[in-house]
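Below is one structure, written out as structure tokens; comments come after it.
Here, each number is a calculation from the coordinates, and none is a lab measurement. Since the model is a prediction, treat every value here as computed from it, not as a measurement. No Cβ is skipped: glycine too gets one built from the backbone with ideal geometry, and neighbour counts run over all protein chains shown.
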Amino acid sequence: MARCVVGDGDFELDGRPVRLLSGALHYFRVHEGLWAHRLGMLRAMGLNCVETYVPWNRHEPEPGRVRDVGALGRFLDAAHAAGLYAIVRPGPYICAEWENGGLPSWLTGGLGRRVRTRDGVFLRAVDRWFGVVAREVVGRQVDGGGPVVLLQVENEYGSYGSDKVYLRHLVERWEALGVTVPLVTSDGPEEHMLSAGSVPGLTATVNFGAGAREAFEVLRRYRPGGPLMCMEFWCGWFTHWGGRAAAREAAEAARELREVLECGASVNLYMAHGGTNFGGWSGANRSGDDHRGGLRPTVTSYDYDAPVDEYGRPTAKFWAFREVLAAFRDEGAAGPLPAPPPAPPALGAPVAAVPGRWAPLGEVVEAVGGAEVEAGVPPTFEELGVERGVVRYRFEVPGPRGAYPLRVVGLRDVAVALVDGVRRAVVPVGEGDAALIGEVAGPAAVELWVESLGRVNYGPRLGESKGVTGGLLHERQYVHGVRARALRLEALEEPGALERVPWRPWGEPGGAGARTGASAGNPGLYRAVVRVVGAGDATLELPGWVRGFVWVNGFCLGRYWAEGPQRTLYVPGPVVREGENELLVLEFESAGGPLRLSRPDPRAESSRAPSR
């Protein structure tokens, strides 16, 4: 069996220097039925390795309730079958523009700033989680005949903290669990990050998108010997709702990649294929250089302007990178690079889906939501046990009293307010410490519907609570006494949940797409059945719909939002059936017209090699 070690200047496999040409491809952002295709695309680009994070919160939704961690093992087996080495980055914190940076909200909600430190409660939870991950990784290390050649300890810790006791504990835990491949760290190429985030005796790697020589010079001041590696070569970037779609010119990115390789370094393209934030798992950032400003949620697409796009197609960047990588392959590599594998099947013909049934949002919450909680002050999402979803807060403004400004204090997301059943405001996304609803006289009944737009995944506000974290303020007086009821996204996927929904017809008296006055524009849950001829990858459009989530045959595609810039959702072919298909739309503001499933837009410049 091969053995991977850290040499004086290279990684070595059985004594032979090896340059890792890796690409990030997260198994949890790609439908399992498409793993083989995407891994084949990495091979065709000229890579010999794949890298993946492991999202703790996705796999342990409640303390001790672990689900489908075996997906990691199956992905590593698929990588091995594709002829690729593998790098595993299990955190516990992963960033990744993922909800809460991968940390479970049931843990961060109680610990706050004690996470990612030597705190005993945090470390006991981490130790249990690592034991679960180890069962998928240890037996698949390269010295056991598997693909795993490196395992990363924490992630960009120097951008967050400086607890060396914590980092050393993680190293010792992995070693005790049987990890024998090299353990590495990754940080930005800045002195304060490397000094805080690196661990004596471990290979340190750096993350950047340009300036390889300068970055490696800084790294060498901390690690005079050993391999050079860029663990994240940022060849694109992510996109926020309400922002501008990220893009990076292919030729410029290829020049920077060539510089990395000319330095003799290994590299991991971040991302090689970004995939999709299915299930509403997108994270969020805080604006400003100090990452303490307004909330900036990440869109559902994680295309990342990567060389392999969200639909699995080669882009201009793919061909530019392939040309660069071909010149730096292992000396033992024989023959030309393989051609990209055939594209997965696409939808045979476009179809329109008109909802046939619907239920008002309030009735959906009553039917499948959690138990109503009464409290003096608004409970947070964490206190209600909600990772992703919506919470309805109900208040009574006492009276009689005159009209005074009504404000929401400490709002962490986006909210819709109703006063005596009449919609009064949509509280804007932002810090929201004094978000104005309007002038309200008492007595009055107030409903505040708050949807989580994703927890912060990077910076000093990691792990902050969601929902209404302050309260409702009338003039200068807090309105005490609240009833809160939550609807978790997962609740709609539980067996028997949809049978409990009080469905009613969604008529169309004026022809396809027309709506009855009862349901036009209302927030609620909508169901459509559509017949497909020629199942395959598709694009979903939701004209006129404002903000919510979509499921196709029980598979959650993620969030849509008229805010843009993302206008369509990717539908992976394996979730589409030949014949009848069920579409569910959970709309939080205003329903629109017929949904449209169509073939992915053709990209001739992306799907073929450049002419010579």
Proxy reagent accessibility, fewest Cβ within 10 Å first, across Lys317, Lys466: Lys317, Lys466
Theoretical gain in end-to-end length, Arg65 to Glu32 [0.36 nm per residue, Cα-Cα removed]: 9.7 nm
The stretch 341-462: relative contact order in percent, alpha carbon pairs under 8 Å with at least 6 residues between: 26
Sparsely packed trypsin sites (Lys or Arg not before Pro) within the stretch 103-161, loop by DSSP, other Cβ within 10 Å at most 14: Arg118
Positive minus negative residues near Ala246 (Lys, Arg vs Asp, Glu; Cβ under 10 Å): 0
Burial ordering of Ser195, Ser159, Ser282, Ser266, fewest other beta-carbon atoms within 10 Å first: Ser195, Ser159, Ser266, Ser282
Local electrostatic count, Leu42, Cβ distance below 11 Å [Lys/Arg +1, Asp/Glu -1]: +2
Cα gyration tensor, the stretch 142-202 - rounded (a/c under 1.5), prolate or oblate: prolate
Packing-based ranking, highest mean first, of 300-306, 564-570 given that Cβ atoms within 10 Å are counted: 300-306, 564-570
Contact order normalised by residue count of the stretch 4-326, Cα under 8 Å, 6+ apart, percent: 19
Ranked list, fewest to most other Cβ atoms within 10 Å of each Cβ, for Phe321, Phe122, Phe28: Phe122, Phe28, Phe321
Global form of the stretch 215-366, assessed from the alpha-carbon gyration tensor, a/c cut-off 1.5: oblate
Shape call, the stretch 4-326: gyration tensor on alpha carbons, a/c limit 1.5: rounded
Kyte-Doolittle mean at least 0.5, axial Cα span of 24 Å or more - DSSP H helices of the chain: 120-137
Helical contribution to [θ] at 222 nm, DSSP H n ≥ 4, -39,500 (n - 2.57), averaged over the chain, rounded to 500: -5500 deg cm²/dmol
Average Cα contact separation per residue, the chain, under 8 Å, 6 or more apart, as relative contact order %: 15
